[in-house]
Amino acid sequence: MSDQVYQDAITRVRRIGESAGVNNEVIEALMHPMRTMVASLPVRMDDGSTQYFTAYRCRYNNALGPTKGGIRYHPDVNLQEVQALALWMTIKCAVVGLPYGGGKGGITVDPKKLSRMELERLSRSYVRQMADVISPDRDIPAPDVYTNERIMGWMMDEYEYITRKKAPGVITGKPLSLGGSVGRDDATGRGAYLCILELEKKHNWKPEEITVAVQGFGNGGYHAARLLHDRGYKIVAISDSRGGIFSSNGFDVPSIYKEKQATKQVKAVYCTHSVCEQVEHTAISNEELLELDVDILIPAALDGVIGGHNVDDIKAKYIVEVANGPVLSDVDDTLHNKGIHVIPDVLANAGGVTVSYFEWVQNRSGYAWDLATVHERLEKIMSESFNRIWDLAHSEGRSMRNAAYTHAMRKIGEAIEAHGTQDYFSMRD
Ligand SMILES: NC(=O)C1=CN([C@@H]2O[C@H](COP(=O)(O)OP(=O)(O)OC[C@H]3O[C@@H](n4cnc5c(N)ncnc54)[C@H](O)[C@@H]3O)[C@@H](O)[C@H]2O)C=CC1
Ligand SMILES: O=C(O)CCC(=O)C(=O)O
């Protein structure tokens with residue numbers, strides 16, 4: 001993640017906003033993060049020493065509702081990254097029509113180096129510092145890179161301890177036993193999968209003829225690969241932080257997942273019952289994966305992986321952004337001119353926040369939905385959002401990203417206007 005990521009994110013907003021004739025008041029509002037909290041978290045380590053970790057929570061814009069967005073644990077987390085991620089959440093929630101603004105948080109930490117107890121103390125410490133920022137009506141965190149439902153459970157528990165009341169709606173992506181929603185686990189990958197199904201309908205292609213490369217085999221990447229594989233798509237490349245594997249024959253995704261669970265590595269295997277055997281493949285780097293000649297490239301790890309340094313070598317026909325911000329804004333036009341279609345992050349990975357919204361609604365009403373209801377409602381929102389953006393892109397001659405941002409800025413603009421004051425930040429919490 002480059003320190004320029006936030007600059008890159010607001011440059012894109014300004015460029016698209018101006019090209020779409022969005023009111024300058026709205027563009028300006030989106031140039032300014034509403035409120036960002038930076039904190040030092042003291043954490044007692046298992047050896048008795050105390051270490052300090054830098055933590056962030058940015059509430060970017062709340063014109064459309066309480067701010068919403070995940071918390072990332074990664075050594076590269078920094079202020080610029082958190083602000084960029086919070087801006088993308090603002091756009092994303094507007095694209096899929098959720099009653100939320102955008103926020104995001106993070107801790108600069110390598111969680112793989114912490115014990116379970118250290119991780120729990122770190123997570124509780126984050127909530128102690130942010131307890132005045134987050135709340136079910138103001139700012140609602142969720143998981144992101146290297147955070148998961150267990151961490152969300154600790155965080156909710158700490159918040160309830162501090163506030164002395166039950167507050168499941170303060171955080172989403174929780175364990176089911178603490179008020180989590182069925183269907184949140186695979187919602188990000190499923191949302192991307194549903195976007196690809198919409199493309200399938202438009203192009204009438206046969207899944208078994210479509211090759212797919214997936215960078216990142218975590219919550220987003222794995223579930224997208226799994227669902228596509230189940231439908232017959234050929235998953236020819238997969239990677240994680242240590243590198244990747246390629247086979248033109250395609251991989252059996254469940255086998256690779258099983259092996260990853262057991263060994264923590266992406267390995268080219270085929271498993272029958274309890275026996276996993278290696279299959280023919282080529283080891284590739286993460287950089288090589290991005291440059292494969294495939295039909296669909298799914299970057300599902302970190303941001304800024306496609307930019308001026310490699311855009312000339314990108315050969316995929318479609319890029320479906322499961323990661324946030326994998327494409328830098330200065331190559332948007334190059335990709336468009338090369339005829340590479342990008343389904344942008346603010347649409348393609350919105351399934352996660354959409355089911356988080358469902359979780360929050362269930363928590364507030366005290367009534368849990370079944371999986372069929374979650375899937376049906378997610379499918380409706382993803383399909384309608386995809387087609388709304390597709391139609392706008394085609395009627396106004398825009399790329400899908402340009403159309404998604406244009407739609408979002410118009411919605412945010414309507415809300416700012418309806419709030420009835422230009423100085424609307426000072427009116428809000
Ligand atoms: N979890 C969620 O609900 C959502 C996640 N996203 C985005 O999806 C992306 C991935 O997030 P998750 O899957 O949740 O994270 P995760 O922590 O579950 O998995 C991350 C994956 O990326 C891999 N990875 C890390 N560094 C890498 C590198 N340098 N090159 C290649 N792979 C690398 C890891 O090995 C792991 O497989 C992020 O950009 C995140 O912001 C977007 C929307 C929602
Ligand atoms: O589920 C959520 O609330 C937010 C997920 C997230 O951080 C994202 O969409 O990037």
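The values are calculated or read from the model by the stated rules, or taken from the named source; none is laboratory data. Owing to the predicted nature of the structure, the values given are computational and were not obtained by experimental measurement. Quick reminder, even Gly has a Cβ in these numbers, built from the backbone with ideal geometry, and neighbours come from all protein chains shown. The accessibility values were calculated without ligands, DNA or RNA, using every heavy atom of the protein model including side chains. Shrake-Rupley method; radii C 1.70, N 1.55, O 1.52, S 1.80 Å.
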Report task. Could you tell me whether segment 143-159 includes any residue that is open to solvent by less than 20 Å² (accessible area, probe 1.4 Å) and not in a helix (DSSP H, G or I)? Result -> yes
Query - Qualifying position, being part of a loop (DSSP other than H, G, I, E, B), modelled with pLDDT of 95 or more, within 16 Å of ligand 2 (Cβ to nearest atom) and open to solvent by 30 Å² or more (accessible area, probe 1.4 Å), among 301, 323 - result: 301
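Just the residues that are of a type in the set (Asp, Glu), more than 16 Å from ligand 1 (Cβ to nearest atom) and touching a residue at least 60 places away in the same chain (Cβ under 8 Å), please, taken from segment 323-351. Before you say what the answer is, go through the steps one by one.
Narrowing segment 323-351 to residues of a type in the set (Asp, Glu): 330, 332-333, 345.
With the extra rule that they be more than 16 Å from ligand 1 (Cβ to nearest atom), the set shrinks to 330, 332-333.
Correct list: 330, 332.
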Query raised in the report: Is it true that residue 43 is more than 12 Å from ligand 2 (Cβ to nearest atom), out of contact with any His (no Cβ under 6 Å at 6 or more places or on another chain), over 30 Å from residue 393 (Cα atoms) and open to solvent by 10 Å² or more (accessible area, probe 1.4 Å)?
Result: no
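Give 202, 258 a once-over and let me know the one that is open to solvent by 70 Å² or more (accessible area, probe 1.4 Å) and either within 21 Å of residue 304 (Cβ to Cβ) or without any contact (Cβ under 8 Å) to a residue 24 or more places away in the chain (or both). Give the steps one after another, and end with the answer.
Working: 202 fails: either within 21 Å of residue 304 (Cβ to Cβ) or without any contact (Cβ under 8 Å) to a residue 24 or more places away in the chain (or both).
None of the other options fit; the residue is 258.
Is it true that residue 188 is assigned to a loop (DSSP other than H, G, I, E, B) and within 16 Å of ligand 2 (Cβ to nearest atom)? I'd like the intermediate steps shown before the answer.
Details: assigned to a loop (DSSP other than H, G, I, E, B): no; within 16 Å of ligand 2 (Cβ to nearest atom): yes.
Here the answer is no, as residue 188 does not meet what is asked.
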Query raised in the report: Restricting the first residue to segment 56-82 and requiring it to be over 30 Å from residue 417 (Cβ atoms) and at pLDDT 95 or above, which pairs with a second residue that is surrounded by 22 or more Cβ atoms within 10 Å (Cβ to Cβ) and among the polar types (S, T, N, Q) meet a Cβ separation below 6 Å and a spacing of at least six or different chains?
Result: 71/147; 73/147
Query - Given (1) within 18 Å of residue 29 (Cβ to Cβ); (2) touching a Leu at 6+ places or on another chain (Cβ under 8 Å); (3) basic (Lys, Arg), index of the condition residue 72 fails - result: (1)
**Report entry** So residue 379, is it surrounded by fewer than 20 Cβ atoms within 10 Å (Cβ to Cβ), at pLDDT 95 or above, under 19 Å from the mean Cα position of the chain (by Cα) and closer than 28 Å to residue 295 by Cα
**Finding:** yes
Report task. Would you point out which residue out of 385, 365, 285, 356 is away from ligand 1 (no atom under 16 Å from the Cβ) and either open to solvent by 40 Å² or more (accessible area, probe 1.4 Å) or in contact (Cβ under 8 Å) with a residue 24 or more places away in the chain (or both)? Result -> 365
Query raised in the report: Among (1) open to solvent by less than 30 Å² (accessible area, probe 1.4 Å); (2) more than 16 Å from ligand 2 (Cβ to nearest atom), where does residue 56 come up short?
Result: (2)
